[in-house]
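Accompanying notes for the structure given below.
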Amino acid sequence: MNPENAITRPIYLDYNASTPHDPEVISAMHPYLEEYFGNPSSSHWNGVQAKNAIENARRQVASLLNCEPDEIVFTSGGTESNNYAIKGIAFAHRDKGNHIITTQIEHPAVTEVCNFLEENGFKITYLPVDEFGLVSVSDVEKAITPQTILITIMHANNEVGTVQSIEQISKIARKHSIVFHTDAAQSIGKIPTDVNTLGVDLLSIAGHKLYAPKGIGALYIREGVQLEKFMHGAGHEQGRRAGTENVLEIVGLGKACEIAKRDMDKNMSHMGAMRDILYDGLKEKCEEIKLNGHPEKRLPNTLSVSFLGLDANAIISEIKDYVAVSAGAACHSGEIKISHVLKAMNVPVEWARGTIRFSTGRMTTGMEIDKAIDTVSQAVIKLKK
């Protein structure tokens, strides 16, 4: 990166939307751009090098999740992983039932899959959440019917950062012999995601939320869980996901998971400190500011705040050259309307319209946070006049 260009770039506080590539990830991937180009299905030396790289990455991902390597299937990202998990269970188990339980605050990569399944004869229960974005564990159990075949609830919310009680919900799922999936795209690498502690059967990963490239992800599939095939073709990925493997980015994801495990405590502490300094600074300089999400059960890097009576678009327009943030979820940004997450949390419209999501990362510095506080507070004060 050219230092002169770096000075002119906005301060990046949108790590929940996407992360930069970790330098160690780039270094790990580089040989697979130039030297190791073989097809991993080939039996000659070139193919063996590629195959070995994939299996090493599989072990690295499995180590982060505390599972077996053969329980990891590489995908094109979080969206594919969610599609594979939810459709895979739905179609593999439709002889047992047609009912799926989820929440009102899931990412579109889950809600749109559920909408598709509804159009194809499945029944979906969308559970409400409280003012903090938490789903009630008792509501989950009450929603179970003899036809329930899947519970899919995100680990942590992408907009407000609220972390769900996955361990408790998984016990209910096990008691009723129901498969349990969690979308961990936002939590992976930010908080522990030990699949045995969480008790989940399926867990989705998105590489670009983890300082790895876009276009790569993984799905954890607990041994014994049967899914309908999502991709048809040759027998790649243990016959579970057809298509020649994306060796370059699989290597990147593996390295990213290794780093995440190695530096988990350090990164959690740093991101949390940066987030809290940011919030304290904004509270001190801005009147009528409201925190969204659970004050404690929240990702260490995520800060969703609302400014009373303001429009998020107007705030972003004022600060866009200096600070990069999101109004709602960046995956489908554009026209600002009240997000389904804030609606489900019953955030009043006059607050919800002025909602900004800040998300810190490993590379966030104290100097950047200080500048962001000044920039954002000045914009808010200006717009309040």
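Only the coordinates and a few stated rules stand behind these numbers; no lab work does. These numbers come from a predicted model, not from an experiment. Using ideal geometry, Cβ is built from the backbone for each residue, glycine included, and neighbour counts are taken over all protein chains shown.
Odds and ends about this structure:
- Proximity of backbone amide H atoms, modeled 1.01 Å from N, is registered between Q186 and A156 at under 5 Å, excluding neighbours fewer than 5 places apart on the same chain.
- Potential lengthening between K171 and T365 on full extension [0.36 nm per residue; Cα-Cα distance subtracted]: 65.9 nm
- Nonlocal Lys pairs with alpha-carbon distance under 19 Å, the range 23-262 (8 or more apart, or different chains): 17
- Chain lengthening between Q238 and E55 when straightened (0.36 nm per residue, less Cα-Cα): 64.7 nm
- Translational diffusion of the range 166-220 was estimated from the Stokes-Einstein equation, with Rh taken as the Kirkwood radius over Cα pairs; at 37 °C and 0.692 mPa s the coefficient is 279 µm²/s.
- K382 versus E34: modelled label distance in nm, points set 7 Å from Cα along the beta carbon direction: 4.6
- Electrostatic tally near P108: other residues with Cβ closer than 13 Å to its Cβ, Lys and Arg +1, Asp and Glu -1, net -4.
- Net charge, E119 excluded, C-beta distance under 13 Å - Lys, Arg +1, Asp, Glu -1: 0
- Applying 1/(1 + (r/R0)^6) with R0 = 25 Å to the Cβ-Cβ distance of T8 and N313 gives a FRET efficiency near 0.60.
- Net +/- balance of residues flanking S204 in space, Cβ distance below 9 Å, scoring K and R +1, D and E -1: -2
- Relative contact order (percent, whole number), the chain, Cα cutoff 8 Å, 6+ residue spacing: 23
- Straight-distance candidates among the aspartates and glutamates for linking to K290, with alpha-carbon spacing under 13 Å and chain neighbours fewer than 8 residues away dropped: E131, D280, E350.
- Percentage relative contact order, the range 244-376, counting C-alpha pairs under 8 Å, at least six apart: 32
- Looking at the range 23-262, the DSSP beta bridges with both ends there are about 40 percent antiparallel.
- The alpha carbon gyration tensor of the chain gives principal lengths a ≥ b ≥ c with a/c of 1.5 or higher and a/b no greater than b/c, which makes the shape oblate.
- Estimated 222 nm signal from helices in the chain, with DSSP H stretches of n ≥ 4 weighted -39500 (n - 2.57), rounded to 500: -12500 deg cm²/dmol
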